[in-house]
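What follows is a single structure, written as structure tokens, with notes after it.
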Amino acid sequence: MSRRELVLGASFLALGMGLVASSYALPSGLGRLPGPGFFPRVIGGVMVLLSLGLLGQARRATEPLRQGAGDLRTVLLVLGLLALYLLGWGIGPFAVRTALFLLLLLRLLGQPWRTGVTLSLSLTAVVILAFRIGLRVPLE
Amino acid sequence: MGADFLAGLHATLQPSVLAFLLAGVALGAVFGALPGLTATMGVAVLTPLSFWVSAEQGLAMLLGIYCGALPAGGIPAILINVPGTPASIAACWDGYPLAQQGRAGLALGVNALLSALGQLVSILFLAVAAFPIASFALRFGPSEYFGLTLFGISLMAGVSGRRVIPGLLAGMLGLALSLVGLDPMTAYPRYNFGLSEFLDGISFVPVMIGLFGVSEVLVQISERRESLVVDARGLGRIFPGVAEWKTLLPSGLAGAGIGTLVGAVPAAGGDIGSVIAWEQARRFSKDKDEFGKGSLRGLSASCASSNAAIGGAMTTMLTLGIPGDAVSAILIGALLTHGLQPGPLLFRDHRPFVFTIVCLLVFASLLTMLVGLVGARPLARVLKVPNSWLWTGILLFGTVGSYALNNAVVDLWAMFAAGVVGFVLRKADVPLGPLVLGLILGPMMEANLRRALILSRGDWIFTLTQPITLFFLVATVASVVLPLLRRRRASP
């Protein structure tokens with residue numbers, strides 16, 4: 001039995017069933033002519049069938065398909081930092097929060113303070129030059 | 001036709017367009033030379049920049065990256081036995097042994113020259129075959145387009161190796177994401193979660209940046225990939241001699257032919273083409289034992305084939321609107337933003353632009369060859385850049401690029417979510433290609449299916465009465481069932 005395939009199959013099964021269920025809230029169309037709810041229902045239905053197929057395969061699978069997640073802690077920290085950067089979008093000067101985000105990211109990835117400061121300031125300057133000054137993107 | 005070609009050539013020869021092309025080739029070379037960074041990632045992250053310039057300038061940069069990255073992927077494959085891009089995996093098999101024999105320069109030269117040969121042969125195919133294919137595709141109605149899109153998605157899942165069902169599910173996920181926004185037939189709002197920003201659907205480019213940029217960075221961080229150490233000083237001579245050319249050309253031309261045809265199949269890109277070409281070159285070679293031990297024939301076949309996929313993929317993308325690989329999927333998004341819809345109508349309404357694309361590809365190939373020959377040593381040094389610097393740069397440029405498209409914060413979150421989804425799917429060994437294809441082809445598939453059903457008064461019989469539609473449906477079933485049967489037969 002492959003746990004990874006089971007989780008994958010169950011997730012897609014839930015998504016497919018959700019699609020089918022939600023499609024009934026959309027107009028189905030007139031008579032036999034398909035409306036906005038038709039295609040979600042078809043996709044959801046196919047997804048359910050394929051998920052059941054995957055779940056069946058997962059039960060029969062004997063090979064160790066599972067692979068390690070690796071350094072998940074660092075990945076989650078990077079994602080958390082990126083999410084914080086996005087949440088703060090538009091708050092305070094762009095240059096300051098971007099340089100701070102990059103510095104923390106580089107430190108998280110194991111770079112020394114000096115490299116972190118130099119690189120974060122350089123990258124911030126490049127982005128401001130390219131996007132704000134060059135392309136006139138309103139980065140505030 | 002002649003006037004259209006001259007107009008296309010004239011547009012290509014504008015100094016600003018050539019400058020963008022050169023910049024793209026140089027950037028592509030860096031992206032290709034660094035293992036982990038791919039042409040797909042480069043094109044995805046830099047696509048937003050192309051929206052601020054003309055269609056010709058923007059496309060010049062993106063095609064430059066596309067053409068520049070693939071041959072550069074052979075550099076780390078030859079020097080350190082690590083493919084720079086998935087398409088250069090077969091270059092490791094003979095390139096690295098050549099480097100170990102003290103012929104690294106020659107291997108890099110063969111890589112640059114035969115890659116250019118492969119690209120040029122496939123561009124010739126594009127120039128010759130595209131107009132007849134597009135002309136034939138003009139006859140397609142809703143039912144044929146429905147069959148074609150279904151076939152495209154099934155084929156992409158079918159070539160996902162042993163992961164056929166997960167591949168199909170990824171395609172379904174892409175189709176589900178394409179539902180977000182206004183219904184293509186009645187403009188009824190669906191799955192927009194009450195947000196007006198989603199009424200136009202999910203922004204394609206931020207999703208691509210998330211799937212191919214952010215998720216790749218996360219995967220590399222999770223695997224703690226270390227930076228590489230390479231000595232680029234003693235490469236030796238780069239140019240092959242006359243006798244060596246006699247060995248290189250036949251296998252290179254055969255590889256280019258295989259690569260072009262494989263590239264034209266949706267999803268089957270240079271990675272598959274190069275392996276097939278290498279195997280075919282070995283099968284028909286007198287010195288089979290040399291393969292895998294530093295064979296110039298093997299290296300030339302794999303290099304030419306992996307690069308020939310470009311012309312094949314572009315032919316499918318331009319003529320039918322079906323992406324041949326992930327890069328051409330992103331290029332569709334870039335073209336749409338410039339108001340150009342890939343497909344047969346492009347060949348009727350924008351003929352000079354089609355020739356501009358052909359000319360851009362030719363110039364990009366020649367520039368790439370030049371960069372590969374002259375810049376082999378500097379590109380080898382690029383391998384020394386620490387990975388954490390690259391990851392930081394990609395996350396920053398991906399984020400700002402996603403925002404810059406529409407100045408919309410919601411695009412940033414689309415990129416973030418796509419990055420997380422891409423990471424999870426990659427870790428679960430689910431191919432991302434079908435997801436992209438589903439996202440692109442979803443609106444086309446839905447609108448054409450519903451039109452076909454309206455024309456047949458709700459009767460599905462149209463799938464059996466239209467010969468081209470029936471052909472695509474049979475091909476769809478075959479592309480899903482055959483890999484499953486092969487897998488069942490192979491398993492004990």
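All of the numbers you see were taken from the coordinates with simple rules; none came from a lab. What you are looking at is a predicted structure, and each value in this text was computed from that prediction instead of being measured. Virtual Cβ from ideal backbone geometry, glycine too; neighbours counted across all protein chains shown.
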If packing is taken as the average number of other Cβ atoms within 10 Å across a peptide's residues, how do B:366-372, B:132-138, B:201-207 rank, most packed first?
B:201-207, B:366-372, B:132-138
Enter the Cα centre distance for the pair region B:354-370 and region B:20-93, rounded to the nearest angstrom.
14 Å
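If you count, for each residue, the other Cβ atoms within 10 Å and average over each peptide, how do B:450-462, B:167-179, A:3-15 line up from highest to lowest?
B:167-179, A:3-15, B:450-462
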Counting only other chains, what is the mean number of Cβ atoms within 10 angstrom of the Cβ of each residue in peptide A:72-80?
4
Full extension from residue B:338 to residue B:199: what is 0.36 nm times the residue separation minus their Cα-Cα distance, to one decimal in nm?
48.1 nm
When you count, for each residue, the other Cβ atoms within 10 Å and take the mean per peptide, how do A:120-130, B:187-197, B:78-88 rank with the highest first?
B:78-88, A:120-130, B:187-197
Virtual spin-label span in nm between residue B:14 and residue B:460, 7 Å along Cα→Cβ:
5.0 nm
Once you charge only the Cβ atoms, +1 for Lys and Arg and -1 for Asp and Glu, what is the size of the charge dipole of the protein assembly as shown about its Cα centre, to the nearest 20 debye?
1180 debye
With Cβ to Cβ distances under 12 Å as the rule, what net charge do the other residues near residue B:40 carry (K, R +1; D, E -1)?
-3
Would you give the gap between the C-alpha center of region B:385-401 and the C-alpha center of region A:88-117, rounded to a whole Å?
12 Å
Do the sum for chain B: with -39,500 (n - 2.57) for every DSSP H run of n ≥ 4, divided by all residues, what is the mean residue ellipticity at 222 nm, to the nearest 500 deg cm²/dmol?
-24000 deg cm²/dmol
So, with points 7 Å from each Cα along the Cβ direction, the residue B:389-residue B:417 label distance in nm works out to 3.6 nm
Specify the angular offset, from 0 to 90 degrees and rounded to the nearest 10, of the alpha carbon long axis of helix B:39-50 from the longest principal axis of the alpha carbons in chain B.
60 degrees
For region B:263-284 and region B:422-492, compute the distance between their C-alpha centroids and round to whole Å.
23 Å
Once both axes come from the Cα atoms, what is the angle between helix B:89-100 and the longest principal axis of chain B, in degrees from 0 to 90, rounded to 10?
10 degrees
Summarise the partner chain shielding of A:93-102 as one whole number: the mean count of Cβ atoms from other chains within 10 Å of each residue's Cβ.
1
How well do other chains shield peptide B:171-179, expressed as the mean number of their Cβ atoms within 10 Å of each residue Cβ?
6
Working from Cα positions, state the angle (0 to 90°, nearest 10) between the long axis of helix B:164-177 and the longest principal axis of chain B.
50 degrees
About its Cα centre, how strong a charge dipole does chain B have in debye, to the nearest 20, once Lys and Arg get +1 and Asp and Glu get -1 at the Cβ?
1140 debye
Please name which of B:92, B:11, B:177 has its Cα lying farthest along the dipole of chain B towards the positive end, using unit charges on Cβ (Lys, Arg +1; Asp, Glu -1) and the Cα centre as origin.
B:92
Using label points projected 7 Å from each Cα along Cα→Cβ, tell me how many nm separate residue B:4 and residue A:11, to one decimal.
4.6 nm
On full extension of the chain, what length is gained from residue B:223 through residue B:284, given 0.36 nm per residue of separation minus the C-alpha to C-alpha distance?
18.0 nm
